[in-house]
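See below for the structure under consideration.
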């Protein structure tokens with residue numbers, strides 16, 4: 001991705017966006033973007049040397065005339081959120097030299113949930129993560145936001161013991177009007193392993209789809225495996241064994257069973273108090 005922005009301002013062989021954000025190494029990728037660590041040169045004048053994260057669209061997406069608005073929509077949704085378990089957005093900009101849009105985010109120092117063996121987590125930690133996920137999704141849904149890609153690669157286990165949800169790149173904010181739309185029958189930016197059946201079949205994500213993905217993660221946390229082998233489409237013919245639900249806390253066992261329903265219309269969007 002660095003090669004895509006080589007014409008941006010250079011200072012001592014270091015890439016700088018808008019003469020402000022010094023780009024470091026690549027630290028992650030999302031469905032539509034790549035993420036680098038970075039520093040704010042303005043803040044350094046005030047002895048603030050905090051590491052940041054900068055999100056930049058993939059090269060092929062830069063040819064899309066709506067990409068600026070698309071990235072700004074994500075930024076706009078993020079700054080409307082205020083929750084301890086959601087990544088904080090700091091700034092949005094378009095580089096004056098290359099016209100490449102970017103989002104500046106807080107840097108999340110930790111390990112992705114996908115990199116952990118969540119099944120091996122202590123019971124207290126599993127319960128804490130479950131509670132955090134319920135509260136976080138309940139919060140964004142109450143504001144009309146659908147994450148659309150809830151999966152372990154978008155959940156960071158911070159070094160301080162907390163968790164954060166991030167990557168709202170393909171999220172849907174029903175509280176805001178947009179003059180562009182995503183064709184979800186063509187966009188495959190989501191993680192297919194945790195996607196609801198209707199999303200895999202090309203339908204636009206809904207709150208019911210988020211609920212499904214959330215249930216898959218929680219099922220996996222307590223069992224150490226997915227409720228299907230490769231794809232949620234398998235649930236149309238074969239449901240998880242009832243024995244697999246015995247590992248899940250009784251208070252949410254029947255919620256998980258309902259949330260994993262193949263038919264989204266049969267899934268409740270109400271989240272339990274846990």
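Take the Cα atoms of region 2-106, build their convex hull, and give its volume per residue in Å³. Intermediate results must be reported in sequence, preceding the final value.
Numbers: hull volume 11.3 nm³, N = 105.
Normalising the Cα hull of region 2-106 by residue number yields 108 Å³.
Considering the chain as a Gaussian network with a 10 Å cut-off on Cα pairs, which listed residue, 231, 118, 175, attains the greatest mean-square fluctuation?
Maximum among the listed residues: 175.
If R0 is 51 Å, what FRET efficiency do you get for residue 231 and residue 99 from their C-beta distance, rounded to 0.05?
E between residue 231 and residue 99, to the nearest 0.05, is 0.85.
Where does helix 250-259 land angle-wise versus the long Cα axis of the chain, in degrees 0 to 90, nearest 10?
The answer is roughly 80 degrees.
Å³ per residue of the Cα convex hull, for region 115-274?
Cα-based convex hull of region 115-274, divided per residue, equals 116 Å³.
If N is the number of residues in the chain, what value comes out of its Cα radius of gyration divided by 2.2 N^0.38 Å?
Ratio of Cα Rg to 2.2 N^0.38 Å: 1.05.
Please determine, in degrees from 0 to 90 and to the nearest 10, the orientation of helix 123-142 with respect to the longest principal axis defined by the Cα atoms of the chain, where the helix direction is its Cα long axis.
Value to nearest ten degrees: 70.
Using packing as a proxy for protection, rank 190-201, 249-260 so that the peptide with the highest average count of other Cβ atoms within 10 Å comes first.
Working: 190-201: 20.1, 249-260: 16.9.
Sorting 190-201, 249-260 by mean packing, highest first, produces 190-201, 249-260.
With angles folded into 0 to 90 degrees, how steeply does helix 67-79 sit against the dominant principal axis of the chain? Use alpha carbons for both and round to 10.
So the helix axis and the longest Cα principal axis differ by about 70 degrees.
According to a simple spin-label model (label point 7 Å from Cα along Cα-to-Cβ), what is the distance in nm between residue 14 and residue 263?
Those two pseudo-labels are separated by 5.9 nm.
GNM, the chain, Cα, under 10 Å: largest mean-square fluctuation among 119, 46, 225?
Most flexible of the set in this elastic network: 46.
Could you give the spread of the C-alpha atoms of region 192-233 along their three principal axes, from largest to smallest, in whole angstroms?
29, 19, 10
Values quoted throughout were computed directly from the atomic coordinates according to the rules given, and no laboratory measurement underlies them. Since we're looking at a predicted model, the values are computed, not measured. Cβ sites come from the backbone with ideal geometry, for glycine too, and all protein chains shown count toward neighbours.
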